[in-house]
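Trainee: Here it is: the structure, laid out below.
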Amino acid sequence: MLVSETPGEECRFRFEGTAVGIFVAAGPDAGTLEFRIDGARWRSQKLFTNWSKSLHIPWAYVLDSDLAPARHELAMRVSSGAVRVAHLLVTKCNGVYPPVHRNFSCRRSPRPRPESGR
């Protein structure tokens, strides 16, 4: 999972397809994500849901669904609050690609350490 609470922290990823979205964990501290595709103007997406006040709910957001069938670059940055991206969602005309994480330049959330003595 890609996690940040630092306003202005940015990551990018390249994909090929006609639509792109994110699957997030939207909890009580969920903030606002800014994004742009192929260097266009920055847009924003609020990540807080009606249920975020009491739990971290998995939620999907479509960021753009009207892209030309080509290679694109998605840039995302934290505007406010916490941003937790679990998966990237990419659709191509003939199907859905699995999430791709190898092109990220963001910090990743730490993995829990196993408890010792058991």
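Trainee: Which of the residues belonging to segment 38-60 are within 18 Å of Glu10 (Cα to Cα) and either surrounded by 17 or more Cβ atoms within 10 Å (Cβ to Cβ) or among the acidic types (Asp, Glu) (or both)?
Mentor: Once the filter is applied, which keeps residues that are within 18 Å of Glu10 (Cα to Cα) and either surrounded by 17 or more Cβ atoms within 10 Å (Cβ to Cβ) or among the acidic types (Asp, Glu) (or both), segment 38-60 yields Asp38, Gln45, Leu47.
Trainee: Another question about this same structure. If we scan segment 91-112, do we find a residue that is at pLDDT 90 or above and either crowded, with 16+ Cβ neighbours inside 10 Å or farther than 26 Å from Gly31 by Cβ (or both)?
Mentor: Looking for residues that are at pLDDT 90 or above and either crowded, with 16+ Cβ neighbours inside 10 Å or farther than 26 Å from Gly31 by Cβ (or both), one finds none in segment 91-112, hence no.
Trainee: Do any residues in segment 44-61 that are within 20 Å of Arg77 (Cβ to Cβ) have Cβ atoms under 9 Å from those of residues that are part of a loop (DSSP other than H, G, I, E, B) and aromatic (Phe, Trp, Tyr), where the two are at least six apart or on different chains, and which pairs are they?
Mentor: That search, which allows pairs on different chains as well, returns Trp59/Trp51.
Trainee: Another one. Look at Thr18 and say whether it is at pLDDT below 95 and surrounded by 13 or more Cβ atoms within 10 Å (Cβ to Cβ). Let's see the steps before the verdict.
Mentor: Working: at pLDDT below 95: yes; surrounded by 13 or more Cβ atoms within 10 Å (Cβ to Cβ): yes.
Yes: the conditions hold for Thr18.
The values are calculated or read from the model by the stated rules, or taken from the named source; none is laboratory data. A quick note: this is a predicted structure, and the numbers were derived from the prediction, not measured. Heads up, the Cβs are rebuilt from the backbone with ideal geometry, glycines too, and the neighbour counts pull from every protein chain shown.
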